[in-house]
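Everything below concerns the one structure shown next.
The values are calculated or read from the model by the stated rules, or taken from the named source; none is laboratory data. Values in this document were obtained by computation on a predicted structure and should not be read as measured data. All Cβ positions, even for glycine, are placed from backbone atoms using ideal geometry, and neighbour counts span all protein chains on display. The area values use the complete protein model at the heavy-atom level, side chains included, leaving out ligands, DNA and RNA. Shrake-Rupley method; radii C 1.70, N 1.55, O 1.52, S 1.80 Å.
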Amino acid sequence: MRTPPTASRLDLSRSDRADLLAEARRLLPSPLRRHLLGSSLSLGGLAMLTGCSLSGGASAETLLRAVSRLNDDAQAWLFDPSRLAPVYREADVARPFPYNAYYGVEQIRRVDDRNWRLELGGLIAHKASWTLAGLAALPQDEQITRHICVEGWSAIGRWGGVRFSDFLKRVGADLGARYVGFRCFDDYYTSIDMATALHPQTLLALSFDGQPLPAEFGHPVKLRMPTKLGYKNPKYLAEIFVSNVYPGGYWEDQGYNWFGGS
Amino acid sequence: MNITVQFHPIWLRINHWLNAVAFLVLMSSGWRIYDASPFLGFRIPSSLTLGGWLGGALLWHFAAMWLLAANGLAYLLSGIVSGRLRQRLLPIGVTALLSDLRAALSGQLAHERLDHYNQVQRLAYLAVILDLLVLVLSGLVLWKSVQFPLLRTLLGGYEQARRIHFLAMAGGGLFLLLHLLMTALHPRTLLAMLRGH
């Protein structure tokens, strides 16, 4: 009797698996997809679809996320509150500066400056909301620094605005709290450690390259920190809150490191 | 009487295999990170990469970096304190190296003693130690460029450090290929790295 064509059957099943996988990628909502595919596929993969080592993948992910928490602590320990990120000349500014978000340019949200308010919440004494004009009336600072993206690329930009430490003191924020959280009107959210919030180069940015902050870079107000990676710098700010409860973040909840220092 | 001579002490074998695991994890997850912004103009096929997506690759990369660094530190310290690094890898002489290199390329270089490295081996092992050192240092600049100002300046800035990190990875990868080739030609060395003799 002829032996069955083992090799070709294997090939077929391999391509079937690839198809199944592509299907799974399309069907799963993105956070779940990343959670599942983040580690199980990585181990060379498709283990998930063989049905036997999903728990193996899940425990690898648990371990990796635990190490990521330790990396938060390591970065907090390394972070020097008075060490400044390098500053550059105006000629070094990247023009055009790259756009990056979790959605494409066509989905950029726009607000009417007259209706926009910055809300304050949590451990803050004076919770009155701020208008753009109110923020613009505060003493302004400027920096030309390198923006480093988690993807690896970097670009030098020029941001102007209010020193965040000045702002936090002015509104009576509890500076001993652990976290400052940000809610954005493009549904993005993130949070940072208080030490970085008080860093002298952490800026409530109202302008980019001498112009009011353009829509693609977070109009009307974003938080700019040259000591953290791009995804930690929230654009389109809607609310700032101070808290001792870990607020997480859009990318952080999916597996990006929370501290995200650069 | 049957005395087994241990060419590689147990701590060294553990160092070797932990290093192999750490390097493979770092290289394959690093390829996925590179693909997020492929500044050299080519992509690495994602089937060769680890992590599934950028966030997964970063989790692997920033976990395995501790293994590579701690294991590498233990290797260097124990190698220096025990005198083994000096005994095995030094001296290297230009004349002897050239003669061994000629012999190696013509297939005439003998490997009869596992406890004695020829000049080509010494150069390769020293080079890969230096290469891993460059990988770790350039990696530190990429990981926390603001917090290591001296290192950042020495490596020519963040963007330059990206290129150095990639080149050092390629150097390590090249070593790995040669290393695997030589092990295939001399399987006894693999056995020695597993059981010590």
Quiz item: Taking only Cα atoms, what is the 0 to 90° angle, nearest 10, from helix B:94-105's long axis to the longest principal axis of chain B?
Solution: 90 degrees
Quiz item: With every protein chain present, what is the per residue accessible area of the protein assembly as shown (1.4 Å probe, Å²)?
Solution: 51 Å²
Quiz item: Which residue fluctuates the most in chain B, going by a Gaussian network model with Cα springs under 10 Å, if the choices are B:Met27, B:Met65, B:Met182?
Solution: B:Met182
Quiz item: Residues in the stretch A:92-121 near a label at A:Thr131, defined as backbone nitrogen under 16 Å from the 7 Å Cα→Cβ point?
Solution: A:112-119
Quiz prompt | Set of lysines near B:Lys144 by C-alpha distance (under 23 Å), chain-local residues within fewer than 8 positions excluded | solution = A:Lys222, A:Lys228, A:Lys232, A:Lys235
Self-check item: Nonlocal amide H pairs with A:Gly261, under 5 Å, H built at 1.01 Å
Solution: A:Leu229
Exercise. Would you work out which of B:Leu58, A:Tyr188, B:Gly79 lies farthest towards the positive end of the dipole of the protein assembly as shown? Charges go on Cβ: Lys and Arg +1, Asp and Glu -1.
Key: B:Gly79
Quiz item: Carbon-plus-sulfur fraction of the accessible area of the protein assembly as shown, 1.4 Å probe, in percent?
Solution: 64 percent
Quiz prompt | Residues along the stretch A:247-262 losing 40 Å² or more of accessible surface when the other protein chains are present rather than the chain by itself (probe 1.4 Å) | solution = A:Tyr256, A:Ser262
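Quick one: net charge around B:Ser138, please, counting Lys, Arg +1 and Asp, Glu -1 for every other residue with C-beta under 13 Å from its C-beta. Don't skip to the end; give the middle numbers.
Numbers: positive: B:Lys144, B:Arg152, B:Arg162, B:Arg163; negative: B:Asp131, B:Glu159.
Charge balance in the 13 Å sphere: +2.
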Quiz item: Using a Gaussian network model of chain B with C-alpha springs under 10 Å, which one of B:Val128, B:Val120, B:Val81 is most mobile by mean-square fluctuation?
Solution: B:Val81
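With a cut-off of 8 Å between alpha carbons and a minimum separation of six or more residues, what is the relative contact order of chain B in percent?
Numbers: 160 pairs, mean separation 45.8, N = 197.
Computed over chain B, the figure is 23 percent.
When Cβ neighbours within 10 Å are restricted to other protein chains, what is their mean count per residue of peptide A:221-230?
On the way: counts 0, 0, 0, 0, 1, 2, 4, 1, 0, 0.
Mean inter-chain Cβ contacts per residue within 10 Å come to 1.
A plus B alone minus the pair: what accessible area, both sides summed, probe 1.4 Å, in Å² to 100? Present the calculation step by step, with values, prior to reporting the outcome.
Numbers: alone 13880 and 12170 Å², together 23400 Å².
When A and B are taken together, about 2600 Å² of accessible area is lost.
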Quiz item: With axes computed from alpha carbons, what is the tilt in degrees of helix B:54-81 against the longest principal axis of chain B, rounded to the nearest 10 within 0 to 90?
Solution: 40 degrees
Practice problem: Whole Å is fine, so just give me how far the alpha carbon centre of the stretch B:1-56 lies from that of the stretch B:142-163. | Solution: 23 Å
Quiz item: Tilt of helix B:119-143 relative to the longest C-alpha principal axis of chain B, in degrees (0 to 90, nearest 10)?
Solution: 20 degrees
Quiz item: How many partner chain Cβ atoms sit within 10 Å of a residue's Cβ in peptide B:56-66, on average, as a whole number?
Solution: 6
Self-check item: Electrostatic dipole magnitude of the protein assembly as shown [Cβ: Lys, Arg +1; Asp, Glu -1; Cα centre; debye, to 20]
Solution: 800 debye
Quiz prompt | For the stretch A:145-167, residues shielded by at least 10 square angstrom of accessible area compared with the chain on its own, probe 1.4 Å | solution = A:Arg146, A:Ile148, A:Val150, A:Glu151, A:Gly152, A:Trp153, A:Ser154
Quiz item: At B:Arg195 and B:Leu101, where each label point lies 7 Å from the Cα along Cα→Cβ, what is the point-to-point distance in nanometres?
Solution: 3.7 nm
Practice problem: Note down the nm distance, to one decimal, between modelled labels 7 Å out along Cα→Cβ at B:Leu24 and at A:Tyr88. | Solution: 3.9 nm
